[in-house]
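What follows is one structure encoded as structure tokens, with my remarks underneath.
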Amino acid sequence: MEEVLFISNKTFLDVTQPEGGVRLCTMDYIELLQQRYKVHLMGVGYNRSLLFRIKFRLGIDAYEEYVPADYHKELEDFIINKGIRKIFINLSNLSEFAAYIKTAFANYDVKTILCSHGNESGDFLHQSVRFTDTLNKAKNLFSPYRLGKVLQKEALYREQSIDCVLTVSEVEESIEKWLGAKKVCNIPRVLKNEFITWQPTKGRIGFVGDTSHPPNYFGLLKLCEAFAAHGIPDGLDIRIVGKENNITASLRSRFPFVTITGYLDNDQLIAEAGTWNYYLNLVFYYSKGVSTKLQKGLNWGLPIMSTTAGNRGYVFNKGNLPVYDTPETMAIALHEKLQNENMVIADRQQTIHAVNNTVTYHGIMNDISAVLENL
């Protein structure tokens, strides 16, 4: 079995850390690669230099979060001593590792494969246009410069340093081709039957996600506003999982049908989610990457309320999941369905069909193995 190296921020390799979307996607990539390779893991840390911190504060940094030269000895051991010739790089913000490897180990014909969760410019574009209030004055001032610099570097990495890009959605696949990637493979999400006990409470729907992440807050806010404008179903209770912060407190104060559950461990979360009529996936515009929280709701066998943008990166061989692409149409649909138990049960059955007919890691690896072996 060929040996390969997988480089990632050490946080996303630590199974003791909370299950965030990035770590879940990281584990997906590792499990996929293990279908064909013996995978060595290498954890790295962020750039802590004063110069970088100043540039980050001003908003003039571009792919400088890591210093690959600090890990030269580790790379030397894997490439020279162990003879590894394929290196998978987790997350696009580590792309500088590809450039360093191609220069420092130019004599060893090492192939670098980016395991992308989405290009950095994808999210920063929205942050600098939709959510300018999340940036300080300096970052707002320099955001056009940083966006251009980040985009330029993304294209340069793909032209000069990265041999192949694995993406998490068909949308990202097209973006990578536009950026000039030599080879691109789309890796859809794999679902697992981890169905939980489901005993829904009337009117209760739920959301799991970091509300400090702009797309999550935007989706929650717009859905709440749509309910307020178009009618509130009897007993409506939108349950937001997580500790209360300024954002959730604002939602709760504006909308009496919002409940903040507080922090829940895994067992508590499963018990809570089992009382929801619908698991919400509120993605009303295309941000980078893929919605890993949708994977969690599907795995649990819950009725799903999602969007076209929220479903990117998933292949449904069977199952017709309900999709509503505006907060208004979703609120209207929920108003009807929450009053009709049979409609909710029918939507849950669609989830079950989707999970029981999912793609597999083995099947995906068979599809992409020819590309990886011919780099």
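Conditions (1) aliphatic (A, V, I, L, M); (2) open to solvent by 40 Å² or more (accessible area, probe 1.4 Å), marked per residue:
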{"site": "Val22", "(1), (2)": "yes, yes"}
{"site": "Met27", "(1), (2)": "yes, yes"}
{"site": "Ile30", "(1), (2)": "yes, no"}
{"site": "Met42", "(1), (2)": "yes, no"}
{"site": "Ala62", "(1), (2)": "yes, no"}
{"site": "Tyr66", "(1), (2)": "no, no"}
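Report yes if some residue within region 359-370 is open to solvent by 10 Å² or more (accessible area, probe 1.4 Å), farther than 19 Å from Leu236 by Cβ and assigned to a loop (DSSP other than H, G, I, E, B); otherwise report no.
For region 359-370, residues open to solvent by 10 Å² or more (accessible area, probe 1.4 Å), farther than 19 Å from Leu236 by Cβ and assigned to a loop (DSSP other than H, G, I, E, B): present.
Would you pick out the residues in region 288-309 that are of a type in the set (S, T, N, Q) and buried (at least 20 other Cβ atoms within 10 Å of the Cβ)?
Residues of region 288-309 of a type in the set (S, T, N, Q): 291-292, 295, 299, 306-308.
Once the filter is applied, which keeps residues that are of a type in the set (S, T, N, Q) and buried (at least 20 other Cβ atoms within 10 Å of the Cβ), region 288-309 yields Ser291, Thr292, Gln295, Ser306, Thr307.
When both residues are 6+ apart or on different chains and their Cβ atoms are under 9 Å apart, which pairs have a first residue that lies in region 232-253 and is over 24 Å from Asn266 (Cα atoms), and a second that is among the β-branched types (Val, Ile, Thr) and at pLDDT 85 or above?
Within 9 Å, the pairs are Gly235/Thr201; Leu236/Ile205; Leu251/Ile238; Leu251/Ile240; Leu251/Val258; Leu251/Ile260.
Restricting attention to region 262-290, report how many residues are small (Gly, Ala, Ser), touching a helix residue (DSSP H, G or I) at 6+ places or on another chain (Cβ under 8 Å) and part of a loop (DSSP other than H, G, I, E, B). Working first, answer last.
Within region 262-290, the subset small (Gly, Ala, Ser) is 262, 271, 273-274, 287, 289.
Within this subset, residues satisfying the condition of being touching a helix residue (DSSP H, G or I) at 6+ places or on another chain (Cβ under 8 Å) are 273, 287, 289.
Subset that is part of a loop (DSSP other than H, G, I, E, B): 287, 289.
Qualifying residue count, region 262-290: 2.
Would you check which residues across region 73-110 are within 29 Å of Lys288 (Cβ to Cβ), hydroxyl-bearing (Ser, Thr, Tyr) and open to solvent by 70 Å² or more (accessible area, probe 1.4 Å) and list them?
Thr103
From the set of residues in region 203-225 that are among the small types (Gly, Ala, Ser) and buried (at least 20 other Cβ atoms within 10 Å of the Cβ), which is farthest from Arg254 (Cα to Cα)?
Step one: filter region 203-225 for residues among the small types (Gly, Ala, Ser), giving 203, 206, 209, 212, 219.
With the extra rule that they be buried (at least 20 other Cβ atoms within 10 Å of the Cβ), the set shrinks to 206, 209, 219.
On the way: Gly206: 18, Gly209: 20, Gly219: 15 Å.
The selected residue is Gly209.
Kindly indicate which of Arg57, Arg48 is among the charged types (D, E, K, R) and farther than 26 Å from Lys102 by Cα.
On the way: Arg48 fails: farther than 26 Å from Lys102 by Cα.
One residue alone meets the criteria, Arg57.
Only one of these conditions is not met by Tyr285: (1) surrounded by fewer than 20 Cβ atoms within 10 Å (Cβ to Cβ); (2) closer than 30 Å to Lys86 by Cβ; (3) within 16 Å of the chain's Cα centre (by Cα); (4) not charged (D, E, K, R). Which number is it?
So Tyr285 meets the others, but not (2).
Mind checking which pairs have a first residue in region 364-375 that is under 11 Å from Gln35 (Cβ atoms) and a second that is modelled with pLDDT of 95 or more and charged (D, E, K, R), Cβ under 6 Å, 6 or more apart or different chains?
Qualifying pairs under 6 Å: Met365/Arg36.
For residues in region 310-343 being surrounded by 20 or more Cβ atoms within 10 Å (Cβ to Cβ) and hydrophobic (A, V, I, L, M, F, W, C), which is modelled with the lowest pLDDT?
Applying the filter and picking the extreme gives Leu321.
Which pairs have Cβ atoms under 8 Å, sit 6 or more apart or on different chains, and link a residue in region 194-216 that is in contact (Cβ under 8 Å) with a residue 12 or more places away in the chain to one that is open to solvent by 70 Å² or more (accessible area, probe 1.4 Å) and part of a loop (DSSP other than H, G, I, E, B)?
Lys202/Asp234; Gly203/Asp234; Pro214/Arg130; Asn216/Asp210
Which helices (runs of 4 or more DSSP H) sit wholly inside region 1-86 and have at least 3 residues that are at pLDDT 95 or above?
Because the criterion is at least 3 residues that are at pLDDT 95 or above, the helices (runs of 4 or more DSSP H) in region 1-86 that meet it are 21-33, 72-76.
The values are calculated or read from the model by the stated rules, or taken from the named source; none is laboratory data. Predicted model, so just to flag it, every value in this text is computed and none were measured. All Cβ positions, even for glycine, are placed from backbone atoms using ideal geometry, and neighbour counts span all protein chains on display. Just so you know, the surface numbers come from the protein's heavy atoms only, side chains and all, with ligands and any DNA or RNA stripped out. Shrake-Rupley method; radii C 1.70, N 1.55, O 1.52, S 1.80 Å.
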